[in-house]
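Q: The structure under discussion is supplied below as C-alpha cells; questions concerning it will follow.
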Amino acid sequence: MAARRLLDGILEVIPVNPRRPYDMHRVLDLLVDDGSLLEVQPLYGKPLITALAFLGGRAVAIVANNPAEGAGAIDSAAAIKGCRLPRRPSAPFGLPVVFLADNPGSWRGPRRSAKAFSSGAERCTRAQRRLRGPKLHVTFRKAFGFGTSIDGAEPVRPADASPTRSPA
C-alpha cells in the first residue's frame, strides 16, 4: 500500500483566477505516485494530457486538461487524443479512468464543419459509455461545452444498460 500524502501544495499550483494558466503536469506530480507517470502522445493535442500512472499503488488512466496550452480548450487534435485513451485502457486492462477538468470549452476552428465536430463529441461519448472500470471526474475551476464530453463530466450509462423501470 502506498503512503498517504497531503495535497496542500495543490493550492499553490492552481491560481484562483480562472483566466490565469497553470501547468497540469505540476498537479499530476503532486497527485500520482512518484515516478509513475507515463504520458501518452505528449506532443500531440497538447491542451489535453493523457497518461498512465499509479495512484495510491493502483494503476489508472488519466485524461486531464492542461490550461498552460491553449487554456486547456479542446481542439480537434485534443478531441481525438481524448477519445482514444479511455477506449483503450478500459477494454484490455479494465483500468479506472481519472478525468481532471479545467477548460473553457472547445475551439472548432474556421475550417472545421459543425457536423464533423459534433461527430467527434459523439465518438467521445461512445468511448466513455464503453468504460467498464470506475470513472472519477474532478473539475478544478471550470468545464464548459464539448470539453465536458472529453472530461467525463457528463453522466453516461454503460452501452448495454437498459433504463430503469418502476415495477408494475
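Q: Any residue at all in the stretch 100-117 that's of a type in the set (S, T, N, Q), touching a helix residue (DSSP H, G or I) at 6+ places or on another chain (Cβ under 7 Å) and modelled with pLDDT under 90?
A: Yes - at least one qualifying residue is present in the stretch 100-117.
Q: Of everything in the stretch 50-68, what is in contact (Cβ under 8 Å) with a residue 40 or more places away in the chain and either farther than 17 Å from PHE144 by Cα or surrounded by fewer than 19 Cβ atoms within 10 Å (Cβ to Cβ) (or both)? Give them in sequence order.
A: If the condition is that a residue be in contact (Cβ under 8 Å) with a residue 40 or more places away in the chain and either farther than 17 Å from PHE144 by Cα or surrounded by fewer than 19 Cβ atoms within 10 Å (Cβ to Cβ) (or both), then LEU52, PHE54, LEU55, GLY56, GLY57, ALA68 are the ones that fit.
Q: Do any residues in the stretch 1-14 that are of a type in the set (Gly, Ala, Ser) have Cβ atoms under 6 Å from those of residues that are modelled with pLDDT of 75 or more, where the two are at least six apart or on different chains, and which pairs are they?
A: These pairs meet every condition: ALA2/ASP33; ALA2/GLY56; ALA2/GLY57; GLY9/LEU30.
Q: Related question: Out of the residues in the stretch 36-48 that are assigned to a strand (DSSP E or B) and touching a residue at least 40 places away in the same chain (Cβ under 8 Å), state the one that is nearest to THR139 (Cα to Cα).
A: LEU48
Q: Which of the residues that make up the stretch 10-35 are more than 17 Å from VAL138 (Cα to Cα) and touching a Leu at 6+ places or on another chain (Cβ under 7 Å)?
A: Listed by number, the list holds a single entry, ASP33.
Q: Right, something else. For residues in the stretch 18-43 being closer than 18 Å to GLY70 by Cα and either touching a strand residue (DSSP E or B) at 6+ places or on another chain (Cβ under 9 Å) or of a type in the set (Val, Ile, Thr) (or both), which is surrounded by the most Cβ atoms within 10 Å (Cβ to Cβ)?
A: The selected residue is MET24.
The values are calculated or read from the model by the stated rules, or taken from the named source; none is laboratory data. Small disclaimer: the values here were computed from a predicted structure and weren't measured. Reconstructed Cβ throughout: ideal geometry from the backbone, glycine too, with neighbour counts over all protein chains shown.
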